[in-house]
1. What is the packing order of peptides 314-327, 273-286, taking the mean over residues of other C-beta atoms within 10 Å and listing the highest first?
2. For region 4-82, just run the numbers: alpha carbon Rg, then divide by 2.2 N^0.38 Å, N being how many residues it has.
3. Mean residue ellipticity at 222 nm from the helices of the chain, using -39,500 (n - 2.57) per DSSP H segment of n ≥ 4 over the full residue count, to the nearest 500 deg cm²/dmol?
4. On the Cα set of the chain, report Rg and Dmax in Å, please.
5. Mean projection of the alpha-carbon convex hull of region 222-321 over all orientations, in nm²?
6. Return the long-range amide H neighbours of residue 300 (sequence gap of 5 or more, or a different chain), with a cut-off of under 5 Å between placed amide H atoms.
7. Would you mind ranking 339, 135 by Cβ crowding within 10 Å, fewest neighbours first?
8. What would the Debye formula give as log10 I(q)/I(0) at q = 0.15 Å⁻¹ for the alpha-carbon point model of region 203-250, no solvent?
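A short reminder: the numbers here are calculations on the coordinates, not readings from a lab. Remember, it's a predicted structure, so these values are computed and weren't measured experimentally. Ideal geometry is used to build each Cβ from the backbone, glycine not excepted, and the neighbour counts take in all protein chains shown.
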Amino acid sequence: MKDVHYSTYLQLDKILGAQFPESDKNEQPAHDEMLFIIIHQSYELWFKQIMHEVNSIISIMLKPSLNDNSPELQTVVHRLRRITTILKVLVQQVDIMETMTPMDFLDFRDMLRPASGFQSWQFKEMEARLGLKYEHRHGQEYYVSQLKPEEVAIIKEAEKQTSLLELVNAWLERMPFFDDASNWKNFISDHDKEGIPFYWANYRECYRESLVSAEESNLRLFDNIFLNDAEDNSRSLSAKASRAALFIMLYRGYPLLHLPFQLLNELLEIDEQLSSWRYRHMNMVNRMIGLRVGTGGSSGKEYLKSAADKHYIFRELSQLTSFLIERRKLPVLPVEMEEQLGFVHR
Ligand code: HEM
């Protein structure tokens, strides 16, 4: 085997030879443009790594055999955690960008038009693979308007494929213990005379009792989300999947639910870190360009604020916390089920 050399292996000649400030080309050198280029390049490298993790998670979750006892679920959680760790670094990197002052930026800003971070196709591909749907995007036509045709094709292809959110929905729907043929099966899946699964009819009652008068309309929401699939087809999580997710959140102390809970938690962490990045980026933009339009031609801060508000990918999971009740009021699970979930040994 041939010896591997550090700089050849890392292709440093390409990476370190890829910084060409526009201000140099225009013979008006602006010191901070090097920082501006390098920070964008490092973001793009991290986006690439995130996509590497997202694609591997998706290919694991596409396997119908994936269940909660398999080592692969551990791999999924581990890789999701790597993504959130990278995202935290991306949020922190805004600090470095902010060492550039608005006046330093003005030295070269106009030379960049119409280029903008808005043209980062990797960022949009990442959003789509995670599960952001075209219908839920802010500025639908605008969001690909400034990309090259080959970049638009990548994003459209990403939108066509099964997203992580869709796979999470399918995984939740086939939670193994819900379909288990043991004694406690009826407890979860049998229905009362109104067609509501017994456990959930019981839980609904506990939830109803926990509501203060200003929250009474939440009960309708509860029914829409957990019991009536047909009513709202704009939702990404089915009623069955939403019930499984809520069950995991409620009974996460049971060993069998540890990993599923961590998986859900990491998805919420991805949304939280992406949102932190959006807000930090938006505030930095405000500080840097104030009310001026972006180099990409958007309304700048206003556009970014609306995208930040709309682009929570796992919003439906985070909304489930509205339906939690206190631990001591939780319906008691049958012993057979507790055994199955891993605590009681007889
Ligand atoms: C001086 C620093 C920066 C300024 C003033 C700035 C400004 C803007 C503005 C105004 C937009 C809205 C689109 C437009 O009209 O251009 C935007 C979008 C965007 N920028 Fe930046 N940006 C900066 C740094 C960065 C960095 C370091 C990244 C890292 C990749 C980045 C990534 C993005 C992305 C991904 C979008 C699209 C966001 C979305 O559509 O939700 N920006 N930026």
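1. Sorting 314-327, 273-286 by mean packing, highest first, produces 273-286, 314-327.
2. 1.70
3. Helix contribution divided over all residues of the chain: -18000 deg cm²/dmol.
4. So, for the chain, Rg and Dmax equal 24.2, 81 Å respectively.
5. 8.1 nm²
6. 294
7. The fewest-first ordering by Cβ neighbours comes to 135, 339.
8. -0.41
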